[in-house]
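Report on the structure given below.
The values are calculated or read from the model by the stated rules, or taken from the named source; none is laboratory data. Please read these numbers as outputs of a predicted model, since none were measured by experiment. Using ideal geometry, Cβ is built from the backbone for each residue, glycine included, and neighbour counts are taken over all protein chains shown.
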Amino acid sequence: MPPQGEELQHLDMELGNQDLKEIIEVGSQITAQLDMENIIKNVVLSLFAKFQTPTVTFLVPHDLDESRPVIYHFQGMKSQELVLDLPSITSLLGFLERDEYNQITFAYFSENFPDPQVVARLAELQPDIIVPLRTDKGVNGLILLPAKAGSGPFTLLDVQYITQIVRFASIAIENANLYWQATTDRMTKLFSHHFFEKNLEEEILRARRYGACFSLLMLDIDHFKKFNDAYGHLQGDLIIKEIAHILRSSVRSIDFTARYGGEEFAVILPEVNAQGAAVVAERIRQSIERHEFAGEEGRLHVTVSIGVAEFKVDRMRTASQFIAEADKALYQSKELGRNRVTVQK
């Protein structure tokens, strides 16, 4: 829980009114976010403004299914690409969970962490302290901070300030993870069917209220059952994952891409009419057709059929009706020989 009540009064005495005010303001900004990158940027802004540390580095788990870390590295307020040869963050989080320290010095970490290779990798960042992102459920990441620029090591009051900011960040990151789990398909990392339906309802309301146009693509992998029968379900899962990756890279950041179910996908295209949506769909179709899917016995050739529909306020009353229109176009693509795009009239 973030500091409150008597704990805030105690902090007030130690840190001072201005520091306490900053902590509450930053905490409010951080906990209002559900996007991981925005949470981290708010924390970095606060720490850099307060301490002018040369760098700030976050390590958090990639997701529930992968232990490799995602690294957010900032030099000043500028995000920098950083490659650390750390195949797993699990041992780091386990080490930090074994005690209740709100921070440890890197010297202590170096002496006590059992894997010298991990110590050497982290030492490249020249950290002074390591701050765990701790919640009631455990540690969900860590922050590496080098010494303050030109003003000596962190003081006890500095550490208290950092600890309280990080407590807010830990809660916000936990909430972001819960939101991700509730809205994301675990296999493909696309949005889930349930969240797709919610988003589609919102787009329909917006179209009715403001007259905005938008379109829907329904996409199905051709002859997918044959791939599963011939190559096994693991190969089928790999194809689904690769197609999800192609979809993400083929649309805009404002577009909404979901796994509709099984081998079927859906894409909502805001502010795009049927003609524009057909162009997007054809680009996706060609990208998948040209893509070389890896298989145990060589490259596999995969195609998709796509149905396109534009939302019509005057004749589509519900989301189900709209989906049915896009589905009709999809089935027309199948009936006409597959590997094609059909626009519902």
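Worth pointing out:
Yes/no matrix, rows are residues, columns are (1) among the aromatic types (Phe, Trp, Tyr); (2) touching a helix residue (DSSP H, G or I) at 6+ places or on another chain (Cβ under 9 Å); (3) in the same structural domain as residue 331 (by TED's automatic domain parsing):
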{"position": "271", "(1), (2), (3)": "no, no, yes"}
{"position": "275", "(1), (2), (3)": "no, no, yes"}
{"position": "278", "(1), (2), (3)": "no, no, yes"}
{"position": "286", "(1), (2), (3)": "no, no, yes"}
{"position": "293", "(1), (2), (3)": "yes, yes, yes"}
{"position": "302", "(1), (2), (3)": "no, yes, yes"}
{"position": "310", "(1), (2), (3)": "no, yes, yes"}
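- In this structure, residue 117 does satisfy being loosely packed, with under 12 Cβ neighbours inside 10 Å and among the polar types (S, T, N, Q).
- Subset of region 65-111 that is within 22 Å of the chain's Cα centre (by Cα) and among the hydroxyl-bearing types (Ser, Thr, Tyr) - its residue that is modelled with the highest pLDDT: 72
- Pairs are defined by a Cβ separation below 7 Å, a sequence spacing of at least 6 or placement on different chains, a first member in region 123-142 that is not assigned by TED's automatic domain parsing to the domain that holds residue 104, and a second member that is of a type in the set (Phe, Trp, Tyr) and part of a strand (DSSP E or B); no pair meets this definition.
- Contacts under 9 angstrom Cβ, first residue in region 148-168 being assigned by TED's automatic domain parsing to the domain that holds residue 50 and modelled with pLDDT under 85, partner crowded, with 19+ Cβ neighbours inside 10 Å and of a type in the set (Ser, Thr, Tyr), 6 or more apart: 149/53
- Any chance residue 17 is out of contact with any Lys or Arg (no Cβ under 6 Å at 6 or more places or on another chain), in the same structural domain as residue 125 (by TED's automatic domain parsing) and modelled with pLDDT of 90 or more: no
- Answer from 96, 82, 133 - the residue that is surrounded by fewer than 20 Cβ atoms within 10 Å (Cβ to Cβ), in contact with a strand residue (DSSP E or B) (Cβ under 6 Å, 6 or more places away or on another chain) and within 21 Å of residue 36 (Cβ to Cβ): 82
- Condition met for residue 93 (in contact with a Gly (Cβ under 9 Å, 6 or more places away or on another chain) and either assigned to a helix (DSSP H, G or I) or touching a residue at least 60 places away in the same chain (Cβ under 8 Å) (or both)): yes
- Region 308-323 - residue that is farther than 21 Å from residue 279 by Cα and out of contact with any Asp or Glu (no Cβ under 6 Å at 6 or more places or on another chain) and, of those, surrounded by the most Cβ atoms within 10 Å (Cβ to Cβ): 316
- Any hit, region 274-286, residues being of a type in the set (Lys, Arg), modelled with pLDDT of 95 or more, under 21 Å from residue 213 (Cα atoms) and surrounded by fewer than 19 Cβ atoms within 10 Å (Cβ to Cβ): yes
Every residue, every condition in (1) touching a helix residue (DSSP H, G or I) at 6+ places or on another chain (Cβ under 7 Å); (2) surrounded by fewer than 20 Cβ atoms within 10 Å (Cβ to Cβ); (3) in a helix (DSSP H, G or I); (4) of a type outside the set (S, T, N, Q), yes or no:
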| residue | (1), (2), (3), (4) |
| --- | --- |
| 147 | no, yes, no, yes |
| 159 | no, yes, yes, yes |
| 166 | no, no, yes, yes |
| 179 | no, yes, yes, yes |
| 182 | no, yes, yes, yes |
| 194 | no, yes, yes, yes |
| 198 | no, yes, yes, yes |
| 209 | no, yes, yes, yes |
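- Among residues of region 218-231 that are free of Cβ contacts under 8 Å to residues at least 40 places away in the same chain, those with a Cβ under 8 angstrom from a residue that is outside any strand (DSSP E or B), sequence gap 6+ or separate chain, pair up as 224/236; 224/239; 224/262; 224/263; 228/235; 228/236.
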